[in-house]
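The values are calculated or read from the model by the stated rules, or taken from the named source; none is laboratory data. It should be emphasised that the depicted structure is a prediction, and the values quoted were computed from it without experimental measurement. When we count neighbours, we look across all protein chains shown, and the Cβ atoms used for this are built from the backbone with ideal geometry, even at glycine. Just the protein is used for accessible areas: all its heavy atoms, side chains included, with ligands, DNA and RNA removed. Shrake-Rupley method; radii C 1.70, N 1.55, O 1.52, S 1.80 Å.
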Amino acid sequence: MTDFSVENIVWTQVLKEAFGESVELEDDKGHIEVYDIAAEFEVDGQGYAILVQPDRTDEEYEVLRIVKDADGGLELSTIDDDEEWENVSELYDELTFPEGDED
């Protein structure tokens with residue numbers, strides 16, 4: 001079982017190195033949406049991306065898995081497991097909004 005704790009994250013830059021500061025994603029209806037890459041990290045070897053649309057606040061973000069396709073290229077995948085999504089989201093919140101910062 002993956003331990004989703006701050007001590008187990010490894011910050012990465014694989015998406016930014018491959019695509020730049022933003023990515024374009026196509027929704028179910030074929031519409032293209034642009035997302036800024038807010039953060040990338042790995043937990044136990046699994047990569048995750050935090051994406052934010054430029055017109056939204058940082059508190060409204062998408063959490064996606066970073067996966068390599070058969071040719072070694074990068075793809076973003078939705079996280080179907082609710083528990084995994086919640087764990088990654090809570091971890092990002094903990095990294096972004098630490099509890100001790102309330103003054």
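Listed by first and then second residue, the pairs linking a residue in the stretch 1-24 that is closer than 16 Å to Tyr61 by Cβ to a residue that is open to solvent by 80 Å² or more (accessible area, probe 1.4 Å) and modelled with pLDDT under 90, with Cβ atoms under 8 Å apart and 6 or more places separating them unless they lie on different chains, are Ser22/Pro54. Got a sec? Which strands (runs of 3 or more DSSP E) wholly within the stretch 1-70 have at least 2 residues that are among the β-branched types (Val, Ile, Thr) and surrounded by fewer than 14 Cβ atoms within 10 Å (Cβ to Cβ)? Hits in the stretch 1-70: 32-43.
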